[in-house]
Amino acid sequence: MKTRFTVSMLCVLLAGCMTNKSLPVSYYQLSTTQTLSEASALSQSSNIIIVDKVQLIELFNQQALVQLQPNNKVNIANFHFWAQPPSDMLTWHLINGLNTASDITAIKSDKFYRHNEKHRRLVVEVDEFAGHFEKGAVMSGTWYLYTYKDKSYQLSQVHPFHFETELAQDGFNALVAAHQKNVKQLSLHINQSL
């Protein structure tokens with residue numbers, strides 16, 4: 001009798017584990033607007049900007065979406081992720097945004113090998129890239145522009161930035177759309193200052 005009870009309990013336990021549905025996992029990517037014809041036309045520019053990989057604080061440089069909550073609490077999503085590491089995604093987005101300017105060719109720093117040519121180097125540090133319980137999507141940090149002169153880099157511009165975009169509705173899709181607007185604002189801000 002005791003064996004039957006143990007076997008039946010084990011079957012019930014195993015059946016419960018087998019029927020447990022896992023929650024769906026969602027992956028998000030910021031969209032780009034640059035076309036291939038625009039990129040090939042820009043490659044002829046002599047105004048070269050080398051873009052270093054965007055630097056994010058470790059909290060925000062993880063694939064799970066981050067939300068800042070009241071009382072200094074942080075919520076890291078369990079089932080909502082960026083499709084690639086945020087630092088890589090922001091770097092490529094920034095390069096695409098800069099390349100939409102008519103006279104700029106932005107190149108990722110590890111792809112540029114002609115260091116003796118006249119160029120500038122862009123370094124972006126992001127200290128906040130998250131959803132916020134009151135402000136929507138928040139992105140802030142500082143960007144630095146260096147000019148290559150006399151075989152060394154000289155700091156020529158320093159610009160702090162802070163962007164907030166309210167969510168159109170609740171949910172992670174709205175958060176990603178608001179992040180998209182903030183990244184576009186950063187690209188425009190840098191383009192206007194160059």
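Please treat every number below as a calculation from the coordinates, not as lab data. This structure is a prediction, so every number in the text was calculated from the model and none was measured. Note that each Cβ is placed from the backbone with ideal geometry, even for glycine, and that neighbours are counted across all protein chains shown.
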- Glu166: net charge of surrounding residues, Cβ under 13 Å, Lys/Arg +1, Asp/Glu -1, itself excluded? -1
- Task: Extending each Cα 7 Å along its Cβ direction at Phe79 and Ser26, get the distance between those two points in nm, one decimal.
- Result: 1.0
